[in-house]
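*Asks:* The structure's right below; bear with me while I get my questions together.
None of the figures in this text is laboratory data; all of them are computed from the coordinates on show. Being a predicted model, the structure only gives us computed values, none of them experimental. Heads up, the Cβs are rebuilt from the backbone with ideal geometry, glycines too, and the neighbour counts pull from every protein chain shown.
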Ligand code: G3I
């Protein structure tokens with residue numbers, strides 16, 4: 001791999017200084033980027049390239065933090081801005097960890113995507129175990145949305161330019177049952193956008209969901225929901241296409257992704273690739289539970305597919321993965337027998353997907369925006 005050879009050559013040249021291509025010690029020589037860092041390539045296309053960042057390893061420093069800052073000009077807090085960490089109780093907020101993640105982004109000139117204000121998961125017990133009236137739950141939600149958005153606008157002005165306001169409100173082709181849907185009713189979606197807009201009128205507000213990157217029944221259902229919001233005058237600016245996909249069955253074709261992006265462009269909306277990862281079934285084709293070279297090449301093609309679609313679309317300027325190293329990934333916990341979903345391996349060696357992404361970001365002629 002190119003990174004390994006660069007490291008090897010450096011090791012030979014540096015001789016007695018000592019050098020190690022793996023490990024996670026913060027004392028080790030900081031690894032060089034194998035190409036121009038992705039963030040430099042993306043900047044030339046006026047695109048942000050980012051990854052979900054987990055607070056623990058990020059705040060520990062070390063290789064996780066240094067590679068994240070080196071390669072990306074954007075991050076999305078993976079869990080730290082969800083309700084459970086932010087809301088220890090009904091009448092308190094705890095921004096301590098999330099603030100440190102945003103401060104890291106500020107120090108490293110990275111854009112932060114706020115994730116997420118309204119979701120059916122990672123909700124605290126005090127919220128889910130109580131039988132709220134509609135009015136009281138609306139007050140709780142309004143307070144949450146406005147307090148969180150205000151906090152970041154005031155504490156780190158302009159650092160969070162985009163929010164995933166509502167996450168995964170569609171299941172199949174219908175509204176997903178949730179505490180919000182059941183107690184407030186379907187209008188909770190429009191209300192959340194309105195409250196976020198009142199808190200920060202400059203922020204770009206997104207609906208974010210999975211399984212909607214291409215064309216499908218769910219993709220159509222989300223499109224209908226979003227078009228309805230636009231027609232009602234709800235302050236929505238874009239749609240986040242999560243893209244948690246597999247090497248097999250394959251993800252949507254580039255043409256389907258482009259067509260889907262275009263229909264949002266026709267509505268006057270931005271799109272973003274918000275959570276791309278390409279998980280690989282292990283222990284089948286690979287050796288010793290490791291992905292085979294065919295799987296890695298397939299994965300690389302799929303990363304490039306999403307990047308090409310985004311860079312080429314006039315309304316896509318935000319391309320993010322759900323993590324960046326197989327050392328820290330939600331996949332093995334969530335999908336037994338799957339892993340190796342990201343562009344760096346567990347020792348921070350870039351995989352073929354990294355090179356494919358670098359090519360897609362470096363060579364595309366799209367104009368972004
Ligand atoms: O914080 C506890 C820790 O105290 C405990 O020791 C540990 C034991 O398993 O669990 C920790 O909580 C976990 C949390 O991540 C923090 O690591 C939860 O069990 C685990 O369920 C949670 O998973 C997160 C998941 O959202 C929750 O639904 C994943 O990390 C996160 O990657 C994932 O992210 C979502 C996006 O927000 C929305 N789109 C889909 C995406 C993948 O599901």
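*Asks:* State all residues of region 42-94 that are farther than 20 Å from residue 330 by Cβ and either within 16 Å of the ligand (Cβ to nearest atom) or touching a residue at least 60 places away in the same chain (Cβ under 8 Å) (or both); if no residue qualifies, say none.
*Replies:* 42, 44, 45, 46, 47, 48, 87, 88, 94
*Asks:* As an exercise: evaluate residue 62 against (1) within 20 Å of residue 341 (Cα to Cα); (2) more than 13 Å from the chain's Cα centre (by Cα) and give the number of the one condition it does not meet.
*Replies:* Among (1) within 20 Å of residue 341 (Cα to Cα); (2) more than 13 Å from the chain's Cα centre (by Cα), residue 62 violates only (1).
*Asks:* Working only within region 205-218, note down all residues that are surrounded by fewer than 24 Cβ atoms within 10 Å (Cβ to Cβ) and within 16 Å of the ligand (Cβ to nearest atom).
*Replies:* Correct list: 210, 211, 218.
*Asks:* If you don't mind, there's one more thing I want to ask. Considering only region 238-251, state which residues are assigned to a loop (DSSP other than H, G, I, E, B) and without any contact (Cβ under 8 Å) to a residue 60 or more places away in the chain.
*Replies:* Of everything in region 238-251, those that are assigned to a loop (DSSP other than H, G, I, E, B) and without any contact (Cβ under 8 Å) to a residue 60 or more places away in the chain turn out to be 247, 248, 249, 250, 251.
*Asks:* Name, by its number, the condition in (1) free of Cβ contacts under 8 Å to residues at least 12 places away in the same chain; (2) buried (at least 20 other Cβ atoms within 10 Å of the Cβ) that does not hold for residue 310.
*Replies:* The single condition residue 310 does not satisfy is (1).
*Asks:* Applying the selection to region 103-120, what residues are crowded, with 24+ Cβ neighbours inside 10 Å and part of a helix (DSSP H, G or I)?
*Replies:* Passing the criteria: only 105.
*Asks:* Which condition number in (1) exposed (fewer than 15 other Cβ atoms within 10 Å of the Cβ); (2) part of a strand (DSSP E or B) is the one that residue 231 fails?
*Replies:* (2) is the only condition that residue 231 fails.
*Asks:* Return the total of residues in region 60-102 being part of a strand (DSSP E or B) and out of contact with any strand residue (DSSP E or B) (no Cβ under 9 Å at 6 or more places or on another chain). Lay out the reasoning, then the answer.
*Replies:* From region 60-102, those part of a strand (DSSP E or B) are 74-77, 89, 92; that's our starting set.
Next, only the ones that are out of contact with any strand residue (DSSP E or B) (no Cβ under 9 Å at 6 or more places or on another chain) stay: 89, 92.
Looking only at that region, the number is 2.
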